[in-house]
Each structure stands twice: as C-alpha cells, then as structure tokens.
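Notes follow the structure.
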Amino acid sequence: MSTTTTYSVSGMTCGHCTSAVTEELSKLVGVKDVKIDLVAGGTSAVHVTSESALDEDAVRDAVDEAGYELAAS
C-alpha cells in the first residue's frame, strides 16, 4: 500500500525547477512517484507517492538540495 503526501515548495519557476526537485525527491527511499503542480514564482504543490510516510526532514533536505524551500504546510 502506498501513501501520497502533498508538500508546498516555493521558488520554482519552470520545468527545469520541477525536474531538479523531482530528481532529488526520487532519491529518497520508498518514493515511487513525484507530481508537481507548478505555480511559477509562487508556492507549488508537490505530490509525493511513497511506500510509507516520509520523514519531513528528509523531504526538506531533498528540496533544499535542489535549491528550493519547503514551505510551512
């Protein structure tokens, strides 16, 4: 059984941004799929499907590694 969690990420403006975030989040153990509703220059919704709930600090670190910021949910 998998779970989907939606995170708010600020700072993304284009397809390259979403690719960078998707790539970093996909490296996390258990992540099956990442879908992003891009809001250029605003706060984008990032839907992460994983085998089990992810550690929010790990998600924050992955988003940070891509160069963006996990917004308060």
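Results for (1) touching a strand residue (DSSP E or B) at 6+ places or on another chain (Cβ under 8 Å); (2) closer than 13 Å to residue 17 by Cβ; (3) basic (Lys, Arg), shown as yes or no for each residue.
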site: 42; (1), (2), (3): yes, yes, no
site: 46; (1), (2), (3): yes, yes, no
site: 51; (1), (2), (3): yes, no, no
site: 57; (1), (2), (3): no, no, no
site: 63; (1), (2), (3): yes, yes, no
site: 66; (1), (2), (3): no, yes, no
site: 71; (1), (2), (3): yes, no, no
- Can you find even one residue in region 21-42 that is in contact with a Phe, Trp or Tyr (Cβ under 8 Å, 6 or more places away or on another chain) and closer than 25 Å to residue 1 by Cα? yes
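Taken together, the values in this text are just the output of simple stated rules run on the coordinates, not laboratory data. The structure displayed is predicted, hence computed values, not measured ones. As a convention, Cβ positions derive from the backbone with ideal geometry for all residues, glycine included, and neighbour counts pool all protein chains shown.
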